[in-house]
Amino acid sequence: LTKKHEIILVDDGSTDNSYAKMCTLHSFDSRVKIIRLKKNYGQQNAIMCGLHYALGDFIVIMDDDIQNPPEEIENLFLKIIEGYDLVYGIPDRKYYNFYRFLGSQMRDFLFNIMLNKPKSIKVSSFRIMSRNLAQEIIKDKTSFVYISAITFKKKVKVANISVAHAKREYGGSNYSFVKLIKLFLNIFVNYSPLLSGFADKLHPQFEIADIKQ
């Protein structure tokens, strides 16, 4: 990987000492950027915020649960420079609970029938995208943010690669059956071409309380 890089950490309304620890990291290395949101906006909105401030030619998105080893970033990079706009890292062995597995299947089905996602492509939260694609994504102002749904509204050259996936050591998944139903109803209403006029564009996607660059 190149030596020139940045790390963007988004504090999505945490109630513990996460922000203080982020600030400590920033004080040691200015390449670690810190963004603190005014309240909890949700994972997808926090990612959208990070995309607004990313400056690199390629942008890696990953969760903070360390289930995706950072060592796999190089493999994502080596694939995207073959000429892709976006590469998803797909776990070679999944350590998901049943609801998260069900959710991924339902999501892929919706994207197949509503958007431009190739049926052979699987979606995951661990991915790398080009700066050009990120700039197109942040133009979308739908308040219910779902990054992959916005992505597949565009014509993108996308690929999958197999990546390692570890068991979750800290915390737990917030997925539940009720939350999954709400999620996919929101995706359908906000991203279905048939219902695009009903998409909510009035509420802010995120508001920033503090930023350290």
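The values are calculated or read from the model by the stated rules, or taken from the named source; none is laboratory data. Note that this is a predicted model, so its numbers are computed, not measured. Methodologically, a virtual Cβ is constructed for each residue, glycine included, from the backbone with ideal geometry; neighbour enumeration extends over all protein chains shown. For accessibility, only protein heavy atoms count, side chains too; no ligands or nucleic acids. Shrake-Rupley method; radii C 1.70, N 1.55, O 1.52, S 1.80 Å.
Pull out all pairs, ordered by first then second residue, where Cβ-Cβ is under 6 Å, the residues are six or more apart or on different chains, the first lies in the stretch 95-119 and is closer than 14 Å to LEU183 by Cβ and modelled with pLDDT under 70, and the second is outside any helix (DSSP H, G or I) and open to solvent by 70 Å² or more (accessible area, probe 1.4 Å).
Going by the 6 Å Cβ cut-off, the qualifying pairs are TYR99/TYR175; ARG100/TYR175.
When you look at HIS52, is it more than 16 Å from the chain's Cα centre (by Cα), touching a residue at least 24 places away in the same chain (Cβ under 8 Å) and surrounded by 15 or more Cβ atoms within 10 Å (Cβ to Cβ), yes or no?
It is false that HIS52 is more than 16 Å from the chain's Cα centre (by Cα), touching a residue at least 24 places away in the same chain (Cβ under 8 Å) and surrounded by 15 or more Cβ atoms within 10 Å (Cβ to Cβ).
Give me the pairs, please: first residue somewhere in the stretch 18-29 and in a helix (DSSP H, G or I), second residue anywhere and not hydrophobic (A, V, I, L, M, F, W, C), beta-carbon distance under 7 Å, and either six or more positions apart or on two chains.
That search, which allows pairs on different chains as well, returns SER18/ASP11; TYR19/ASP11; TYR19/ARG36; MET22/ASP11; CYS23/LYS212; HIS26/LYS212.
GLN105 fails exactly one of the following numbered conditions: (1) closer than 25 Å to HIS5 by Cβ; (2) open to solvent by 10 Å² or more (accessible area, probe 1.4 Å); (3) not hydroxyl-bearing (Ser, Thr, Tyr). What is the number of that condition?
(1)
Go through the residues of the stretch 135-156 one by one and say whether even a single one is open to solvent by 30 Å² or more (accessible area, probe 1.4 Å), at pLDDT below 85 and more than 26 Å from PRO69 (Cβ to Cβ). Steps first, please.
Residues of the stretch 135-156 open to solvent by 30 Å² or more (accessible area, probe 1.4 Å): 135-136, 139, 141, 144, 153-156.
Keeping just the survivors that are at pLDDT below 85 gives none.
The answer is no; no qualifying residue exists.
Can you pull out every residue in the stretch 157-212 that is in contact with a Leu (Cβ under 8 Å, 6 or more places away or on another chain), at pLDDT 90 or above and within 23 Å of ASN116 (Cβ to Cβ)?
Those that are in contact with a Leu (Cβ under 8 Å, 6 or more places away or on another chain), at pLDDT 90 or above and within 23 Å of ASN116 (Cβ to Cβ): LYS157, VAL158, ALA159, ILE161.
Matching residues to (1) over 14 Å from ILE211 (Cα atoms); (2) aromatic (Phe, Trp, Tyr); (3) open to solvent by less than 50 Å² (accessible area, probe 1.4 Å):
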site	(1), (2), (3)
ILE7	no, no, no
SER18	yes, no, yes
SER30	no, no, no
LYS33	no, no, yes
LYS38	no, no, no
GLY42	yes, no, yes
TYR88	yes, yes, yes
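Quick one: is MET62 touching a residue at least 60 places away in the same chain (Cβ under 8 Å) and either open to solvent by 40 Å² or more (accessible area, probe 1.4 Å) or over 18 Å from the mean Cα position of the chain (by Cα) (or both)? Break it down into steps so the answer makes sense when it comes.
Working: touching a residue at least 60 places away in the same chain (Cβ under 8 Å): yes; either open to solvent by 40 Å² or more (accessible area, probe 1.4 Å) or over 18 Å from the mean Cα position of the chain (by Cα) (or both): yes.
Answer is yes for this residue.
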